Amino acid sequence: MKIIIVGGSFSGIYCAIKVKELYPSFEVLLIEKKEKIGYIPSGLSMLLNGEIRSLDEAYFMTKEELEKSGVTVLTSTEVTSYNLSSKVIETTNGTKQFDKLVLATGSSQKSSKMFDEFSDIKTYKDRESAEITLKALEEVKDVVVIGAGQAGMELASGLIHQGKRVHVIETMDYPLYKYFDKDFLESFYTTTGKIEGLTFYFNETVKQIDDSILLFSSGNTIDITDKLVLSANSVRPELSIFKNQLKANSDHTIFVDDYLETSVQDVYAVGDLIQVPSFIFQTNVYAPLIVNAVQTSMTCAKNIVEKKETLRPMLKTIGVKLFDYYLASTGLMESEDFLYHEEVKSVMMTLPISTVYKKDIKVKLVYDATTYHLLGVQLISKEPVLDKINTFALVIKEKIDIRTLNQLPHFYNAVFANTSLSLFDVFEKGDDSSEV
Ligand SMILES: Cc1cc2nc3c(=O)[nH]c(=O)nc-3n(C[C@H](O)[C@H](O)[C@H](O)COP(=O)(O)OP(=O)(O)OC[C@H]3O[C@@H](n4cnc5c(N)ncnc54)[C@H](O)[C@@H]3O)c2cc1C
């Protein structure tokens, strides 16, 4: 059996490893158009933030490591066309025949139509574009970042760290709106908005860009003569190469069944190419995150011979360090309550991280008003508390009654932990809708 996997990033690599592990006799060929596999898309931000010293460190796996698991890896090889019904693909290294094909070609920062109009916007998701952007950064003091989502804010944080003046543009009226409620983030963005060199442009959408002026839909402008413009807005897959051979969803992702098979038999799609089932909304959503790329690829591998296991519903969960803050979020936000079928309530609280260590962690819990099941959590602290979000994600998935949180097994240590009594008290007093 010959399995071809196209794309050498998170979804392609983990799918290849899992297929080879489950079916050692299968011939597994992974094709990647870049020179190397396994680049981490936040490499440039990590470098600018001082987390790594060179982009060479921004890889999670090498070709040699992958080949050790028995996978054949073809790099610098681009798939240029697909004939899915004949089970043939054309590549820059010749024609290849497959029995099963896994599409793991991901998404692009260049999918927006802005790029048709202004070719000089820089991106940085892959190594090559990150190198070009890094070089261009040497020439400028001012950088315009389009998009204040996780990627844009991480980049802005790194650019400030490097002493640049940063102009962040966001269509919404606050940053990180996909993961945090506005009331929860208010103190974060008012504080960071005062950081020297950082300017937010909220409620502004880029309408047009030429060599010297960036025009917003509002009519406002920014002079970009000596500025570098970087895109950090939403990514989407590029599907034109499939020439309508595959059924697509309305958001331009590839349609797959519960077992990751596309509308064409023996052709599968994973990672950023597809939607995933949402645990909270009981519908499919587009959530281009690494965890989803890995989980979809694992499930795909298990179904490659026969359909055995459906994809488990996902919770969108992120953790990020921005400027001096650690921020994490999982599940439903209060602002999304209209998408949930029952009444939703929330509580916000600020607690000391431990009994003796008085630094705070601010938490917002969103829960079902009738069942008291936890639905979503947001947290922020100046201390590295990101791991806590994984525990909350588990509480959500296990549908645990929020009033029993302090009865869950946990340790107490006066230096490293707090008692959960304060959390418990909130619900005991029936005070379940105010800031504590
Ligand atoms: C700047 C940035 C930072 C991010 N940070 C995070 C983060 O911190 N945490 C998180 O969870 N998610 C993050 N994400 C999202 C995450 O990167 C994606 O969800 C993940 O990379 C998807 O993996 P994938 O394998 O599906 O696709 P991709 O990573 O997009 O990889 C697709 C691969 O296919 C190759 N390819 C494409 N077309 C062809 C072709 N025709 N022939 C051969 N090869 C081809 C590409 O070169 C690429 O290597 C970030 C995204 C961006 C843009």
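The values are calculated or read from the model by the stated rules, or taken from the named source; none is laboratory data. Keep in mind the model is a prediction, meaning the values are calculated, not measured. All Cβ positions, even for glycine, are placed from backbone atoms using ideal geometry, and neighbour counts span all protein chains on display. Accessible surface is based on the protein model in full, side chains and every heavy atom, while ligands, DNA and RNA are left aside. Shrake-Rupley method; radii C 1.70, N 1.55, O 1.52, S 1.80 Å.
Take the conditions (1) open to solvent by 30 Å² or more (accessible area, probe 1.4 Å); (2) within 12 Å of the ligand (Cβ to nearest atom); (3) not in a loop (DSSP other than H, G, I, E, B); (4) not polar (S, T, N, Q); LEU44 misses just one of them, which is (1).
Every residue, every condition in (1) at negative phi; (2) within 15 Å of the ligand (Cβ to nearest atom); (3) not assigned by TED's automatic domain parsing to the domain that holds LEU101, yes or no:
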position: ASP226; (1), (2), (3): yes, no, yes
position: ASP266; (1), (2), (3): no, no, no
position: GLY271; (1), (2), (3): no, yes, no
position: PRO277; (1), (2), (3): yes, no, no
position: VAL291; (1), (2), (3): yes, yes, no
position: GLN295; (1), (2), (3): yes, yes, no
position: MET298; (1), (2), (3): yes, yes, no
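Checking each residue of segment 112-131 against the condition of being part of a helix (DSSP H, G or I), more than 12 Å from the ligand (Cβ to nearest atom) and at pLDDT 95 or above gives at least one match. Only one of the listed residues (VAL28, VAL6, VAL19) is more than 18 Å from the chain's Cα centre (by Cα), within 9 Å of the ligand (Cβ to nearest atom) and surrounded by 15 or more Cβ atoms within 10 Å (Cβ to Cβ). That residue is VAL6.
For segment 165-211, the tally of residues that are open to solvent by less than 70 Å² (accessible area, probe 1.4 Å), free of Cβ contacts under 8 Å to residues at least 60 places away in the same chain and in a loop (DSSP other than H, G, I, E, B) stands at 9.
Across segment 138-155, which residue is surrounded by the most Cβ atoms within 10 Å (Cβ to Cβ) among those that are within 8 Å of the ligand (Cβ to nearest atom) and more than 10 Å from LEU176 (Cβ to Cβ)?
LEU155
Restricting attention to segment 86-107 and to residues that are away from the ligand (no atom under 11 Å from the Cβ) and without any contact (Cβ under 8 Å) to a residue 12 or more places away in the chain, the residue that is farthest from ILE31 (Cα to Cα) turns out to be SER86. For PHE60, state whether it is loosely packed, with under 15 Cβ neighbours inside 10 Å, under 30 Å from LYS164 (Cβ atoms), within 11 Å of the ligand (Cβ to nearest atom) and under 20 Å from the mean Cα position of the chain (by Cα). Answer is yes for this residue. The set of residues in segment 167-218 that are out of contact with any Asp or Glu (no Cβ under 9 Å at 6 or more places or on another chain), basic (Lys, Arg) and under 25 Å from ILE389 (Cβ atoms) contains only LYS178. When LYS100, LYS68, LYS110 are checked against the criterion of being under 30 Å from GLY147 (Cα atoms) and not hydroxyl-bearing (Ser, Thr, Tyr), LYS110 stands alone in meeting it.
If you go through segment 252-302 and keep only what is open to solvent by 40 Å² or more (accessible area, probe 1.4 Å), charged (D, E, K, R) and within 26 Å of ILE40 (Cα to Cα), you end up with just LYS302.
For LEU214, are the conditions met, namely being in contact with a helix residue (DSSP H, G or I) (Cβ under 9 Å, 6 or more places away or on another chain), among the hydrophobic types (A, V, I, L, M, F, W, C) and either open to solvent by less than 30 Å² (accessible area, probe 1.4 Å) or assigned to a helix (DSSP H, G or I) (or both)? So LEU214 does not fit the description; no. Exactly one of these conditions fails for SER81: (1) within 30 Å of LEU214 (Cβ to Cβ); (2) within 10 Å of the ligand (Cβ to nearest atom); (3) in contact (Cβ under 8 Å) with a residue 40 or more places away in the chain. Give me its number. SER81 satisfies all of (1) within 30 Å of LEU214 (Cβ to Cβ); (2) within 10 Å of the ligand (Cβ to nearest atom); (3) in contact (Cβ under 8 Å) with a residue 40 or more places away in the chain except (1).
Quick one: how many residues across segment 300-328 are in a loop (DSSP other than H, G, I, E, B) and away from the ligand (no atom under 12 Å from the Cβ)? Give the steps one after another, and end with the answer.
Taking segment 300-328 as the starting set, the residues that turn out to be in a loop (DSSP other than H, G, I, E, B) are 303-313, 315-316, 323-324.
Remaining after also requiring away from the ligand (no atom under 12 Å from the Cβ): 303-313, 315, 323-324.
Matching residues across segment 300-328 total 14.
No other residue among VAL143, VAL71 is closer than 14 Å to ILE4 by Cα and at pLDDT 95 or above apart from VAL71. GLY70 meets each of the listed conditions (1) more than 9 Å from the ligand (Cβ to nearest atom); (2) open to solvent by 70 Å² or more (accessible area, probe 1.4 Å) apart from (2). The set of residues in segment 146-164 that are part of a helix (DSSP H, G or I) and either under 21 Å from the mean Cα position of the chain (by Cα) or at pLDDT below 95 (or both) comprises GLN150, ALA151, GLY152, MET153, GLU154, LEU155, ALA156, SER157, GLY158, LEU159.
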